[in-house]
Amino acid sequence: MSNVASALTAILADTYGLAVKTHAAHWNVTGTGFFELHGAFGDQYEALLEAADDLAERLRALGDIAPLGLKALTKTSTIADLDGTDGKALVAQLAKDHAALSKALSKAVAVAQKADDEATADLFIGRIEAHDKTAWMLNAWAGKKG
């Protein structure tokens with residue numbers, strides 16, 4: 001597996017892991033802001049699943065195999081499970097995960113560019129923008145700067 005395929009696989013695993021975590025937040029959120037968070041988390045996990053599909057299809061376009069199941073994805077993912085159900089705590093956890101994935105994607109961009117794979121670099125850059133925006137929105141909901 002090439003360095004680009006390895007980077008794609010790692011980002012895919014974390015994207016899928018974050019989609020599952022966000023879906024669990026959607027199901028389990030409690031407290032003030034339940035209705036707005038339930039809806040926001042629903043939109044977010046759907047966007048993450050679409051992003052995972054794009055990443056997996058890029059892997060396939062490069063001639064590599066996308067992870068073949070949950071065990072393969074969880075073996076690679078660095079996304080931790082939820083801790084609790086309180087809306088504010090969930091927002092903080094998810095914002096942190098989006099920021100971490102954005103940081104990982106920045107490193108993955110360099111890997112793709114070093115391999116002269118601008119299409120994959122562009123895909124990664126688009127994902128950075130999406131994660132930065134989601135982290136900002138979650139932090140803004142929580143009343144945090146950045």
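Some observations on this one:
- Selection of region 6-35 for residues being in contact with a Gly (Cβ under 9 Å, 6 or more places away or on another chain), surrounded by 21 or more Cβ atoms within 10 Å (Cβ to Cβ), part of a helix (DSSP H, G or I) and not hydroxyl-bearing (Ser, Thr, Tyr) yields only Ala25.
- Picking from residues in region 76-100 that are surrounded by fewer than 21 Cβ atoms within 10 Å (Cβ to Cβ) and among the charged types (D, E, K, R), the one that is nearest to the chain's Cα centre (by Cα) is Lys96.
- The set of residues in region 10-51 that are in contact (Cβ under 8 Å) with a residue 60 or more places away in the chain, under 19 Å from Thr74 (Cα atoms) and within 12 Å of the chain's Cα centre (by Cα) comprises Ala10, Ile11, Leu12, Ala13, Asp14, Thr15, Tyr16, Gly17, Leu18, Lys21, Thr22, Ala51.
- Pick from region 52-65, criterion buried (at least 19 other Cβ atoms within 10 Å of the Cβ) and not basic (Lys, Arg), ranking: farthest from His26 (Cα to Cα): Leu59
Table: residues versus (1) surrounded by fewer than 16 Cβ atoms within 10 Å (Cβ to Cβ); (2) at pLDDT 95 or above; (3) not in a helix (DSSP H, G or I); (4) not acidic (Asp, Glu).
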{"site": "Glu50", "(1), (2), (3), (4)": "yes, yes, no, no"}
{"site": "Pro67", "(1), (2), (3), (4)": "no, yes, yes, yes"}
{"site": "Thr74", "(1), (2), (3), (4)": "yes, no, no, yes"}
{"site": "Ser102", "(1), (2), (3), (4)": "no, yes, no, yes"}
{"site": "Asn139", "(1), (2), (3), (4)": "no, yes, no, yes"}
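The values are calculated or read from the model by the stated rules, or taken from the named source; none is laboratory data. As the structure is a computational prediction, the values presented were derived from the model and not from experiment. Reconstructed Cβ throughout: ideal geometry from the backbone, glycine too, with neighbour counts over all protein chains shown.
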